[in-house]
1. For the stretch 236-244, in order, what is each residue's ³J(HN,Hα) by Karplus, 6.51 cos²θ - 1.76 cosθ + 1.60 with θ = phi - 60°, in whole Hz (x at glycine and Pro)?
2. Name the long-range amide H neighbours of V192: under 5 Å, sequence gap of 5 or more, or other chain; modelled H, no Pro or chain starts.
3. Please state the relative contact order of the chain as a whole percent: Cα pairs under 8 Å, 6+ residues apart?
4. Can you work out the Karplus-derived ³J(HN,Hα) for every residue in the stretch 34-39? Use 6.51 cos²θ - 1.76 cosθ + 1.60 with θ = phi - 60°, whole Hz, and x for glycine or proline.
5. Between the stretch 30-53 and the stretch 199-247, what's the alpha-carbon centroid distance in Å?
6. If a/c stays under 1.5 just call it rounded; otherwise compare a/b with b/c (prolate if a/b is bigger, oblate if not). Do that for the stretch 10-113, with a ≥ b ≥ c from the square roots of the Cα gyration tensor eigenvalues.
7. Amide H of L165 versus every other amide H placed in the peptide plane: which residues, excluding those fewer than 5 positions away on the same chain, fall under 5 Å?
8. Given 10 °C and 1.306 mPa s, compute D for the stretch 105-212 with the Stokes-Einstein relation, Rh being the Kirkwood radius over Cα pairs; round to the nearest whole µm²/s.
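Where a number appears in this text, it was derived from the coordinates with a stated rule and is not lab data. Nothing here was measured: the structure is a model prediction, and the numbers come from that model. Virtual Cβ from ideal backbone geometry, glycine too; neighbours counted across all protein chains shown.
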Amino acid sequence: MKIALLGYGKMGQIIERFALERGHEVVLKISIDNLEDFTVDNLAKADIAIDFSAPDAAVDNIYKCFDAGVPVVVGTTGWYGKLQEIKNDCLSSNNTLLYGSNFSVGVNLFFHLNKVLAKLMNNYPAYEVQVEEIHHTHKLDAPSGTAMTIAEGIIEEIDRKSEWLNEVVGTQIPDVIKNEQLLIESHRIENVPGTHTVVYSSEVDEIEIKHTAHSRAGFALGAVIAAEWLQNKQGFYNIADVFNFNS
């Protein structure tokens, strides 16, 4: 499989390592230093593109992949406000896209576990629930896409929660949390790949589930696995379709 890497920072370089180890070829590597090489003609040399760029670049990158007719795996977050629009354009133009807030196998197991626990906790209103996420200081978006996915999984299963609210610790004044709101507390600390915790608290006890990433390697390997899965498919997919823990 010939791969185009859109975003060749730390993540892109780790993705390249896993891709080569699994027998693939990287035919295009785009960073801020060689944007002139990011053309439809160059993209068309690839069988698939993997985007780990930046929130403000992701949408343009996606549409350039559509123009080239190249399937794209999007690991960048922070663009989901245009998700429905891009889905419609992808399907109407017969293109292919797979996106996810986190490609780690462990995190996707955590997403599933989170929803199972939330479904159980729906029957126990004495427990208040909160999400906490910790990332490195270079993370551009808050809350993380992973934290949003966790929060949306809880809201989907717990009737007493209807929306999430984010607080970036140390940078903004906390809002008053309404009963129907789910708090996502974001921390930015040096050299933390990513930690996500869900806490259910009552007057008598506390239940906690937690995922801690030791490095970016899990995200990178998952992105390559997702690209392999997407081969010979057409349409609009989420990373959950790759793992499909419910089947």
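1. 10, 10, 10, 4, 4, 5, 6, 7, 6
2. H136, T137
3. 22
4. So the Karplus estimates, Gly and Pro as x, are 9, 4, 5, 7, 8, 10 Hz.
5. Going from one Cα centre to the other spans 26 Å.
6. oblate
7. L182, L183, I184
8. The Stokes-Einstein estimate is 113 µm²/s.
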